[in-house]
Amino acid sequence: MKTDLENKGLSADSFRFAIIVSRWNSHITSQLLSGAHRALREANASGVDVFEVPGAFELPLASLKAAQTKKYDAVIALGTVIRGETVHFDLVAENAARGLTDASLNTGVPILFGVLAVENIDQANARSGDGDDNAGYMAAISAIEMATVLTEIDSRTARSSSAK
Ligand code: INI
């Protein structure tokens, strides 16, 4: 039977995902992980592997490594950086964003930015609840969309070259 997301045209039943989750602010990142799992379950993902790293700063290297294996159709990076508790907030958040972007562009594998960079714990709680605005849930939905669109680009390219 099709799930709700599949009925909306969002199916992940042929896709495999890696989730890289950081332990800093684990009370929040565990909620992001639950949100990501919920989305992937709702879309019937065929496989999910989860890997843990210490902090958001370490997300890019582990995401790059996972992407390089070519085992995954997308990688979902989850973390939480809170300005109020982090003197080097900007360094950690900016390097995580830049590193994840570089890793994705260098491998051609979608790497999704499920990193909360927020001012305080209230904002972090607001984006890690049970709803569809959970940042982990949203990153996983975007991962499915990116895996779908890249597969579509591949298949349309294959059709046009064989039509010659
Ligand atoms: N890492 C986070 O993911 N969030 C934070 O809020 C944070 N703070 O507050 O410092 C944080 N720091 C650790 C950093 O990501 C690295 O793990 C550490 O610097 C070792 O490289």
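Since every read-out is calculated from the coordinates, none of them should be taken as a lab result. These numbers come from a predicted model, not from an experiment. As a convention, Cβ positions derive from the backbone with ideal geometry for all residues, glycine included, and neighbour counts pool all protein chains shown.
Please enumerate, by chain and number, the aspartates and glutamates with C-alpha under 13 Å from the C-alpha of LYS8, excluding those fewer than 8 residues away in the same chain.
LYS8 reaches GLU42, GLU145.
Rounded to two decimals, what ratio of Rg to Rh does segment 8-107 give with C-alpha atoms and a Kirkwood Rh? Let's see the in-between values first.
On the way: Rg = 13.9 Å, Rh = 14.0 Å.
We get a ratio of 0.99 for segment 8-107.
Could you give the nm distance between label points at GLU52 and GLU85, where each point is 7 Å from its Cα heading toward the beta carbon?
It works out to 1.6 nm between the two label points.
How far, in nm, would the chain grow between ARG41 and ASP130 when pulled straight, counting 0.36 nm per residue and subtracting the alpha carbon separation?
Details: separation 89, 0.36 × 89 = 32.04 nm, distance 1.44 nm.
My answer for the length gained is 30.6 nm.
So how far, in whole Å, is the C-alpha centre of segment 140-160 from the one of segment 32-57?
Taking the Cα centre of segment 32-57 as reference, the centre of segment 140-160 is 20 Å away.
So if each residue of separation counts as 0.36 nm, and I subtract the Cα-Cα distance between ILE121 and LEU61, what length gain in nm does that give? Walk me through the intermediate numbers first.
Values: separation 60, 0.36 × 60 = 21.60 nm, distance 2.63 nm.
Roughly 19.0 nm would be gained on extension.
Which value, in Å³ per residue, describes the convex hull spanned by the Cα atoms of segment 37-159? It would help to have the intermediate numbers written out before the result.
On the way: hull volume 13.0 nm³, N = 123.
Each residue corresponds to 106 Å³ of Cα convex hull volume.
Could you list ILE82, ILE121, ILE20 in order of exposure, starting from the residue whose Cβ has the fewest other Cβ atoms within 10 Å? The partial results should precede the final answer.
On the way: ILE82 19, ILE121 15, ILE20 27.
Fewest-to-most Cβ neighbours within 10 Å comes out as ILE121, ILE82, ILE20.
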